[in-house]
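Since the structure comes first, as structure tokens, the remarks are kept for the end.
The values are calculated or read from the model by the stated rules, or taken from the named source; none is laboratory data. Computed from a predicted structure; not experimentally measured. All Cβ positions, glycine included, derive from the backbone under ideal geometry; neighbour counts span all protein chains shown. When the accessible area is computed, the model is the full protein with side chains, heavy atoms only, and any ligands, DNA or RNA have been set aside. Shrake-Rupley method; radii C 1.70, N 1.55, O 1.52, S 1.80 Å.
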Amino acid sequence: MYRFLLTPRWIALHVVVLLVIPAFVLLGQWQFGRFEERSANSDLVTRNIESAPVPLETLVQPGRPAKESDRFKNVTVTGTYDPQQELVVRRRPQGGRPGYYVLTPLSIGGGHAVLVNRGWVKAGATADEYPAVPPPPTGEVTVTGRLRPSETEAGSGIRERSGLPPRQVLLINPASIGRSLPYPLLDGYVELTGQEPAGAAAPEPVTEPDVGAGGGLNLAYGVQWWLFIGIAIGGWVLLIRREVADRAQESVPEPEEVRAD
């Protein structure tokens, strides 16, 4: 009865089913892996955002780069702004508006400085025009902010290029920016959330980090791929049973007509 399963048409169907099942298994496993990664990242960022501020030097020092695991941790640092070396970071929209981040070195003693993202300002009339930037406070200030690792092309998806207007950059990369400064920069930068004294005017604060959904969609997609395994097997079995039923129906002889004498 089941010899039809060895016909070319059915062998092709068996091969397709045997191929899609491991494919669905691997796709589901990949989505579950992404779920675990994103959930772990979301938990890490949430913990760091909610952490109590610690002195910057406990996390970053000369020769000790900022760690990815420390991103968004709250830090404090005291120093003096150097507005003469201030830069703006291009292509940083906020609230749907084109604009720039304002990067100002903060001299912290020992001959070193750290970059502080003081906030966001709207773009000027043209992309080459330096935007209007509120000056930083003079004298010693204590900055509170989120520690951010240095930006790279691979990590940010932004490609660095030469030929930009003066005092404009595309990436917040202290290693690159520091080449044109008269003092060395610490790795990473501080995303300002508060400072004392506050100053008369300031750029618009940078928006809060997006913690993300923790990979919930990846979990749903993983379950979906594994459900497809059941659908594939169920459909395969259903087709076999239907074929068996059809063949059984065809093998039943039709009843003879009764003739009236």
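The residue pairs whose first member lies in the range 117-141 and is at positive phi, whose second member is exposed (fewer than 14 other Cβ atoms within 10 Å of the Cβ), and whose beta carbons are closer than 9 Å, counting only pairs six or more residues apart or on different chains, are G139/P197. Pairs linking a residue in the range 162-174 that is more than 22 Å from P149 (Cβ to Cβ) to a residue that is of a type in the set (A, V, I, L, M), with Cβ atoms under 9 Å and 6 or more positions apart or on different chains, are L164/L170; P165/A127; R167/L87; R167/V88.
Report yes if some residue within the range 36-51 is open to solvent by 40 Å² or more (accessible area, probe 1.4 Å) and assigned to a loop (DSSP other than H, G, I, E, B); otherwise report no. Yes, because at least one residue in the range 36-51 is open to solvent by 40 Å² or more (accessible area, probe 1.4 Å) and assigned to a loop (DSSP other than H, G, I, E, B).
Suppose the filter is of a type outside the set (A, V, I, L, M, F, W, C), open to solvent by 10 Å² or more (accessible area, probe 1.4 Å) and modelled with pLDDT of 95 or more; does Y130 pass it? For Y130, the condition - of a type outside the set (A, V, I, L, M, F, W, C), open to solvent by 10 Å² or more (accessible area, probe 1.4 Å) and modelled with pLDDT of 95 or more - is not met. When each of L27, L5 is tested for being in contact with a His (Cβ under 9 Å, 6 or more places away or on another chain) and in a helix (DSSP H, G or I), the lone residue that passes is L5. None of V25, V75, V20 is at pLDDT 85 or above and within 25 Å of Y183 (Cβ to Cβ) except V75.
Tallying residues that are open to solvent by less than 40 Å² (accessible area, probe 1.4 Å) and more than 25 Å from the chain's Cα centre (by Cα) within the range 150-202 yields 8.
When F72 is tested against (1) in contact with a helix residue (DSSP H, G or I) (Cβ under 7 Å, 6 or more places away or on another chain); (2) surrounded by fewer than 16 Cβ atoms within 10 Å (Cβ to Cβ), exactly one condition is not met: (2).
Could you tell me which of the residues W225, W236 is out of contact with any Phe, Trp or Tyr (no Cβ under 7 Å at 6 or more places or on another chain) and of a type in the set (F, W, Y)? Spell out how you get there, then give the answer.
Details: W225 fails: out of contact with any Phe, Trp or Tyr (no Cβ under 7 Å at 6 or more places or on another chain).
Criteria check complete, one pass: W236.
With the structure loaded, tell me whether V77 is crowded, with 22+ Cβ neighbours inside 10 Å, within 18 Å of V54 (Cβ to Cβ) and aliphatic (A, V, I, L, M) or whether it fails that test. Here the answer is yes, as V77 does meet what is asked.
Which residues, counting only those in the range 86-109, are in contact (Cβ under 8 Å) with a residue 24 or more places away in the chain and either farther than 20 Å from N173 by Cβ or open to solvent by 50 Å² or more (accessible area, probe 1.4 Å) (or both)?
Looking only at the range 86-109, we keep the residues that are in contact (Cβ under 8 Å) with a residue 24 or more places away in the chain, and these are 86-92, 94-95, 97-109.
Listed by number, the residues that qualify are R91, Q94, G95, R97, P98, I108, G109.
Identify all residues within the range 167-177 that are of a type outside the set (A, V, I, L, M) and within 18 Å of W120 (Cα to Cα); write none if there are none. R167, Q168, N173 - these are the residues of the range 167-177 that are of a type outside the set (A, V, I, L, M) and within 18 Å of W120 (Cα to Cα).
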